[in-house]
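**Q** So that we are looking at the same thing, I have put the structure below in structure tokens.
The values are calculated or read from the model by the stated rules, or taken from the named source; none is laboratory data. This structure is a prediction, so every number in the text was calculated from the model and none was measured. So basically every Cβ, Gly included, is an ideal-geometry build from the backbone, and we count neighbours across all protein chains shown. Note: areas computed on protein heavy atoms with side chains; ligands, DNA, RNA excluded. Shrake-Rupley method; radii C 1.70, N 1.55, O 1.52, S 1.80 Å.
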Amino acid sequence: MGAGVNPMDDELPALGVGLGFRPPFLADLFRNRRGVDFLEITADHYLDAPPEKLDELKLLADHFPIIPHALDLSIGSAEGMDDDYLEALAGLVERLNPPWWSEHLAFTRAGGVAIGHLAPLPRTREAVDVVARNVERIRGRIATPLILENITATIDLPGAELDEPEFLSMVLDQTGCGWLCDVTNLYTNAENRGRDPMAELDRWPWGRAVQFHFAGGHRQGGTLIDSHAHTTPPEVWRLLDEAARRAPVRGIILERDENLPPMADLLDELDRARAIARRYERWA
Amino acid sequence: MGLAAIQAALARLAIDPTWRDRFYRDPIAVGAEVGLSPTEALALAESDRRPIDEFAASLHRKRRAQIRRTLPIAVRALGDRYGRLFDRYAHEAPPRGSRADLDDALGFVAALNSFPETDRPPWFPDLARYELAWQLAARTGIWPVVRLFRFPVGRLIHLPLAAEVTPAPTLAIWWRPSPRSRLRHVLFPLPRR
């Protein structure tokens, strides 16, 4: 299966605990360099970017390990992926030379339409095959290990043959990709479907987890929204602890997009995540 | 269920409110437009519609916020009117292109001219075009970007929406002397005809 991802492989370095980079963080990041081990950048922001934006990326890359996180490759599209996007993404990954990079297990383009939003895949064997085919094509262009993120989804498309853990496990097995486990998304999906995430912990493919995301969302009309707009809630901290106990994780990223707090508050959350990873001896 | 067809259907349901309403009224005929079999169309139509509507609403909010980030000066000038104007634009126009932060803003700015002047002052489309041109010019490499405006766009940035402005044709040029150099910009007032 090509260059598969085995998180236990010594070649995947432990990056520690870091932030999903957003431009408002820039100045505070350099004032608090020691509290942030690595950064995850939104790859799309640097694909068709002006020189000023590329200067920003160089500045970040000179001081932090950087993981590119892509949004719009549409890895689950039955109609295939956009060649220009893949080419631009390959150029970015080549430029940064990260130990791994990530995308979402989702689709964003179909029927000639760019949705501009992560859409859930039907949990079918056909969808697994399509993802595997697209990943093979990606590997022809990007040799760096790819890890796939579980998304939030309120839509359950008809015709599902697999449940969430089965679908993810089958995709990772068939593609050889690692797992970017968004712990908040696991919690959000379970909560919105009335399930207990702690009760189904042993069904997830923890051995494939390379990186975690965590964040806080909000409720809207009874639905939990993964808005990255609030402090991480206690339920997600408990799930993160259980995830770190089970997974050979190499990096943990806090995501915050809205309602930005002082950097000190974000650093407190990073310290707490770092303590969890150290408790299970995930890195020195 | 055919993956390509179900994905095409979900994409249309998410971005096109008119198609969404048509689909739920006549799933078999409308679903066939994207390749759904009658069985597939009925299965999709009979599943819970609420999450589909929430997904579409979430995309709508994301587009509105994205244009606000791309055109902060123009959107701030519009104040409370922005939401209403965006809703009108988005109802007619699905998401555009693959550059999420630019293509929808291009569509919104193009649509501004079709909105009645009771909803925005005559100079407002020039302000939005001017702000958008900065974004485009920043990404255009060494090729210059040239735009002609009806109003003195350099002044518009600081004006309240209620301000009355006399038209004064203005030529705007952006360029980079080399691919890595800073973006340069100049405005030329033109004689009125």
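**Q** What whole-number value in cubic angstrom gives the convex hull volume per residue for the C-alpha atoms of chain A?
**A** 129 Å³
**Q** Please list, in order, the residues from region B:104-146 whose amide nitrogen is less than 19 Å from a point placed 7 Å along the Cα→Cβ vector of residue B:155.
**A** Inside the label zone: B:121-131.
**Q** A further question on this structure: Under a point-charge model restricted to the Cβ atoms of Lys and Arg (+1) and Asp and Glu (-1), what is the dipole moment magnitude of region B:85-177 relative to its Cα centre, in debye to the nearest 20? Please list the in-between numbers first.
**A** Details: 10 positive and 10 negative charges, 84 e Å.
Charge dipole, region B:85-177, about its Cα centre: 400 debye, nearest 20.
**Q** Test of understanding: given chain A, find the longest segment containing no trypsin sites (Lys or Arg not before Pro) that are in a DSSP loop and have at most 15 other Cβ atoms within 10 Å.
**A** Longest site-free region, per DSSP loop and neighbour criteria: A:1-140.
**Q** Nearest 10 degrees, 0 to 90: what angle lies between the long axis of helix B:3-15 and the longest principal axis of chain B (Cα atoms)?
**A** Approximately 50 degrees, to the nearest ten.
**Q** With unit charges on the beta carbons (Lys and Arg positive, Asp and Glu negative) and the dipole taken about the Cα centre of chain A, which residue among A:162, A:270, A:67 sits farthest to the positive side?
**A** A:270
**Q** Looking at region B:3-47, what % of the alpha carbon pairs are farther apart than 12 Å?
**A** 52 percent
**Q** Using the Cα atoms of region A:52-183 to build a convex hull, what is its mean projected area in square nanometres?
**A** With every direction weighted equally, the projected area is 8.6 nm².
**Q** A further question follows. With no solvent and one point per C-alpha, what does the Debye sum give as log10 I(q)/I(0) for the protein assembly as shown at q = 0.10 Å⁻¹?
**A** So the normalised log intensities work out to -0.82.
**Q** Going 7 Å from the Cα of residue A:218 toward and past its Cβ, which residues in region A:173-188 have a backbone nitrogen under 19 Å from where you end up?
**A** Those under the cut-off are A:184-185, A:188.
**Q** Count the DSSP beta bridges whose two residues both fall in chain A, then state the antiparallel fraction as a percent rounded to the nearest 5.
**A** Counting only bridges with both partners in chain A, antiparallel ones make up about 20 percent.
**Q** Report, to the nearest whole %, how much of the accessible area of region B:53-189 belongs to carbon and sulfur atoms, 1.4 Å probe, protein only. Don't skip to the end; give the middle numbers.
**A** Details: 3930 of 6880 Å².
Here carbon and sulfur together make up 57 percent of the probe-accessible area.
**Q** Taking GluC sites (Glu not before Pro) as candidate sites, keep only those in a DSSP loop with at most 14 other Cβ atoms within 10 Å, then name the longest stretch of chain A containing none of them.
**A** Free of exposed loop sites, the longest segment is A:12-257.
**Q** If you don't mind, there's one more thing I want to ask. How many square angstrom of accessible surface are buried between B and A, both sides summed, with a 1.4 Å probe and rounding to 100? Walk me through the intermediate numbers first.
**A** Values: alone 11080 and 12400 Å², together 20680 Å².
Adding both sides of the contact gives about 2800 Å².
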